[in-house]
Number of protein chains: 2
Amino acid sequence: MDVAVIGLGLIGGSLAQALATAGHRIIGFDADPATRGTARTAAAQAAPQARWQVAGRLRDAVAHAELVALAVPLPALSPVLTELAGYEGLVTDVTSVKGPVRDLVRQHLPAAAYVGGHPMAGKETSGFAAADPGLFTGCAWVLCLEPGETALPGWLAMARLVTALGARAVPATAAEHDRAVAAASHVPHLLAAALTTAVAGDPLAAALAAGSFRDGTRVAATRPELIAAMCGGNAAAVGPALDGVLKTLGELRAALDGPDPVAALRPLLAPASLARAAWPVVAGTVVEVPWHADALLELGRAGGWVTGVDDERRVLRAVRPETVGGRP
Amino acid sequence: MDVAVIGLGLIGGSLAQALATAGHRIIGFDADPATRGTARTAAAQAAPQARWQVAGRLRDAVAHAELVALAVPLPALSPVLTELAGYEGLVTDVTSVKGPVRDLVRQHLPAAAYVGGHPMAGKETSGFAAADPGLFTGCAWVLCLEPGETALPGWLAMARLVTALGARAVPATAAEHDRAVAAASHVPHLLAAALTTAVAGDPLAAALAAGSFRDGTRVAATRPELIAAMCGGNAAAVGPALDGVLKTLGELRAALDGPDPVAALRPLLAPASLARAAWPVVAGTVVEVPWHADALLELGRAGGWVTGVDDERRVLRAVRPETVGGRP
């Protein structure tokens, strides 16, 4: 495919390199001239079959694109979408919140086929210098599917693209995605910050803190404006997800005040111990899923993922976890 | 020194091996005959200068001991202390709660010199098979010091012993220790369990969970009876420590409901980001501390640690973190 990758940071740079390596024709663009220069050098020095180009203007990057992949931060999306006005092809993005982006794209590009995306890949580092064409291997990559709205051919094109990079394509509505990442990714950042705050004021506690504190607070060192943008940008879903955690913590707190805290805590902790030991689900039953939005969404809700598209038989190859329902 | 190590699990086994390697005369004992057998074989096969012995009966292990190190789980302490009745030498232990153990030892061994201990070392694995004489290198090892109660010569003997193993001796009262580990170690286990519970019921969220969930919940997979014993056995300190975290989470929750969550979250998250980036404190100012309980406790409260005992000059070599006060 002819793909324009707009924004050449960690994710956009990795995506451009990965798609070029997979044989697609890539033109990248970044608003920052220095990033464009670095990326242009890297793109020209790639192996001959993995070369790609960097355009000097956004309009040149998208002029012949079949797919525009927006890899800019959320606050930069609106101006980029304004520049894309009139585009009618396939559009995807990689931002960590999907409901607000869906609204923005509908508003700016009513004739485009939008498939919101979110690769669950990251690194401690950022920027094009950290880009890695192997970043998406094995990662879950949400591809949004709104019944009655998303055109299935566009969704299938995105599924072909990301599964060819080794990612697991996870079908979900934007609302389902935003709820899921609130619990799985955004709330952990808030817990890490709260735990760090509790220990930070007590040098003795900080001196005694070891593995459980180290791991439980690792992401608290993330730049606060990034955590605030991520959690605040998904506040409608993060609030209720945090309420769920607070409810459990309230039960644990009450158990500590009871006459036999050890006995009261044990049954509250046992399900989490089992669930954590069973996570992550790395295998399951290989299944075939019809080219149908409802069937795909059902697969995503069950924790499953698409591994490939069989165009001849018009089915999707997929994996469905064996332990569905109560726990992962 | 002649040291009896009672209980040859991960910590006791490692301690016996580390002390034997450091040139002490060690007799170990474990209530489990199979563990005694395994330990006896390992002790006899150690390098000649690091050999040690395993007694078949508790009383034989302690008969000539200058120091009895109790490395049994908390519930096993009472029966062991009953068997030790009449012992008048130095006693230490390695359990993760210090107030209740102090009460038990005072009750059973009123004539003994007790210095409660807690090496902040551990592994995912347990049992003598996982023992490692290098386990304590670089770890913080709390040595309890109660003004007007702990005999300083006993405390200094323990400080010589653990610093010679490469550990940092951290002076603290039992109450200070129990408060510090509640925040630094016990509450993280409760947060990990609550976060796991929130995601466990949602297979889509579990499928999307990545690094922040993985690290934030790692310790939730610990056996629930161990977390319950640890947190429940220190309930009086864990409750208030959890309240501190809940207060911060309540502020974050309120920010999510406000008119501009991104702006409201940022200042709440910034101090934790700075504090986590500055943790752990691995260096500081090298200082000398007089042989005085108050001076030692002040060092511990400031996040400092003892690295050695200078018997000639009657001072302790110590490290005091440069960033004391507000954060670690």
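The values are calculated or read from the model by the stated rules, or taken from the named source; none is laboratory data. Worth saying up front: this structure is predicted, and the values here are computed from it rather than measured. A quick note on method: Cβ atoms are made from the backbone with ideal geometry, for glycine too, and the neighbour counts reach across all protein chains shown. Note: areas computed on protein heavy atoms with side chains; ligands, DNA, RNA excluded. Shrake-Rupley method; radii C 1.70, N 1.55, O 1.52, S 1.80 Å.
One residue stands out in region B:114-130 among those that are open to solvent by 40 Å² or more (accessible area, probe 1.4 Å) and assigned to a loop (DSSP other than H, G, I, E, B): the one that is modelled with the highest pLDDT, namely B:S126.
Is there a residue in region A:38-56 that is in contact with a Phe, Trp or Tyr (Cβ under 8 Å, 6 or more places away or on another chain) and β-branched (V, I, T)? Within region A:38-56 (the criterion being in contact with a Phe, Trp or Tyr (Cβ under 8 Å, 6 or more places away or on another chain) and β-branched (V, I, T)), the answer is yes, since at least one residue qualifies. The lone criterion from (1) open to solvent by less than 40 Å² (accessible area, probe 1.4 Å); (2) over 20 Å from A:A182 (Cα atoms) left unmet by B:L252 is number (2).
Taking region A:43-83 as the range and being within 21 Å of A:L226 (Cα to Cα) and free of Cβ contacts under 8 Å to residues at least 60 places away in the same chain as the test, the residues that pass are A:L77, A:S78, A:P79. Against the test of being touching an Asp or Glu at 6+ places or on another chain (Cβ under 8 Å) and free of Cβ contacts under 8 Å to residues at least 40 places away in the same chain, the options B:L204, B:L195 yield a single qualifying residue, B:L204.
Which members of region A:161-181 meet the condition of being closer than 21 Å to B:V199 by Cβ, part of a helix (DSSP H, G or I) and either within 8 Å of another protein chain (Cβ to nearest Cβ) or open to solvent by 10 Å² or more (accessible area, probe 1.4 Å) (or both)? Correct list: A:A175, A:E176, A:H177, A:D178, A:R179, A:A180, A:V181. Among the residues making up region B:212-249, those that are more than 7 Å from chain A (Cβ to nearest Cβ) and either at pLDDT below 95 or over 16 Å from A:L246 (Cα atoms) (or both) are B:R214, B:L226, B:M230, B:N234, B:A236, B:A237. Being within 7 Å of another protein chain (Cβ to nearest Cβ), more than 14 Å from B:V245 (Cα to Cα), open to solvent by less than 40 Å² (accessible area, probe 1.4 Å) and modelled with pLDDT of 95 or more is not true of A:L190. Restricting attention to region B:285-326 and to residues that are within 10 Å of chain A (Cβ to nearest Cβ) and over 21 Å from the mean Cα position of the chain (by Cα), the residue that is modelled with the highest pLDDT turns out to be B:T323. Taking the conditions exactly as written (assigned to a helix (DSSP H, G or I) and open to solvent by less than 20 Å² (accessible area, probe 1.4 Å)), does A:G216 satisfy them or not? So A:G216 passes the test.
The strands (runs of 3 or more DSSP E) falling completely within region B:1-79 include none with 2 or more residues that are among the acidic types (D, E).
The strands (runs of 3 or more DSSP E) found entirely in region A:224-328 that carry 2 or more residues being free of Cβ contacts under 8 Å to residues at least 60 places away in the same chain are A:285-290, A:315-320. Count of region B:131-155 residues, restricted to those that are touching a Phe, Trp or Tyr at 6+ places or on another chain (Cβ under 7 Å), open to solvent by less than 20 Å² (accessible area, probe 1.4 Å) and not in a strand (DSSP E or B), is 1. Answer yes or no as to whether A:L8 is under 14 Å from A:L67 (Cα atoms), within 25 Å of the chain's Cα centre (by Cα) and either among the polar types (S, T, N, Q) or open to solvent by less than 20 Å² (accessible area, probe 1.4 Å) (or both). In short, no. The set of residues in region A:257-306 being open to solvent by 30 Å² or more (accessible area, probe 1.4 Å), more than 17 Å from B:H186 (Cβ to Cβ) and β-branched (V, I, T) consists of A:V281, A:V282, A:T285, A:V286, A:V287.
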